[in-house]
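The values are calculated or read from the model by the stated rules, or taken from the named source; none is laboratory data. These numbers were taken from a predicted model, which means no experiment stands behind them. Methodologically, a virtual Cβ is constructed for each residue, glycine included, from the backbone with ideal geometry; neighbour enumeration extends over all protein chains shown.
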Amino acid sequence: MRAIFVMIKCEMGRAYGVAREMADTIEELSEMHSTSGQYDLLGKFYLEPDQDIGLFVVEKVQSVAGVKDTYTLQTFNAFGGGRG
């Protein structure tokens, strides 16, 4: 599995509804966060290695009612650190 992050700009007043819809319907969604700034939401999605990122974003994310724009980040490595 590989992670991608998608920043999502929503129509005014629709961010929480968009987040709920994605949480209920997109199985690849791991986390959805509301954000401040240029975009309203930040979604973390886990895709299969052979899954087409562009097609996934177009068909599953951009097709949700209330989504105006997206910005996709593909990740390479995840790093962790000790807490304590």
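The requirement of being of a type outside the set (Lys, Arg) and assigned to a strand (DSSP E or B) is satisfied by Leu73. Among the residues in the stretch 33-40, are any assigned to a strand (DSSP E or B) and of a type outside the set (Phe, Trp, Tyr)? Yes, there is a match, as at least one residue in the stretch 33-40 is assigned to a strand (DSSP E or B) and of a type outside the set (Phe, Trp, Tyr).
The C-beta contact set for the stretch 42-56 (first residue within 11 Å of Ile4 (Cα to Cα), second residue at pLDDT below 95, distance under 6 angstrom, 6+ apart or interchain) comprises Tyr46/Met1; Leu47/Arg2.
Might you check whether a residue that is touching a Cys at 6+ places or on another chain (Cβ under 7 Å) and at pLDDT 95 or above occurs anywhere in the stretch 2-18? Scanning the stretch 2-18, I find at least one residue that is touching a Cys at 6+ places or on another chain (Cβ under 7 Å) and at pLDDT 95 or above, so the answer is yes. Screening the stretch 27-41 for residues that are touching a helix residue (DSSP H, G or I) at 6+ places or on another chain (Cβ under 7 Å) and under 13 Å from Met7 (Cβ atoms) and picking the one that is surrounded by the fewest Cβ atoms within 10 Å (Cβ to Cβ) gives Ser34. Residues that are surrounded by 12 or more Cβ atoms within 10 Å (Cβ to Cβ) and assigned to a helix (DSSP H, G or I) within the stretch 42-66 comprise Ile53, Phe56, Val57, Val58, Lys60, Val61, listed in sequence order. Residue pairs whose Cβ atoms lie under 7 Å apart, sitting 6 or more positions apart in sequence or on different chains, and linking a residue in the stretch 17-32 that is among the polar types (S, T, N, Q) to a partner that is surrounded by fewer than 18 Cβ atoms within 10 Å (Cβ to Cβ), are Ser30/Lys44; Ser30/Tyr46.
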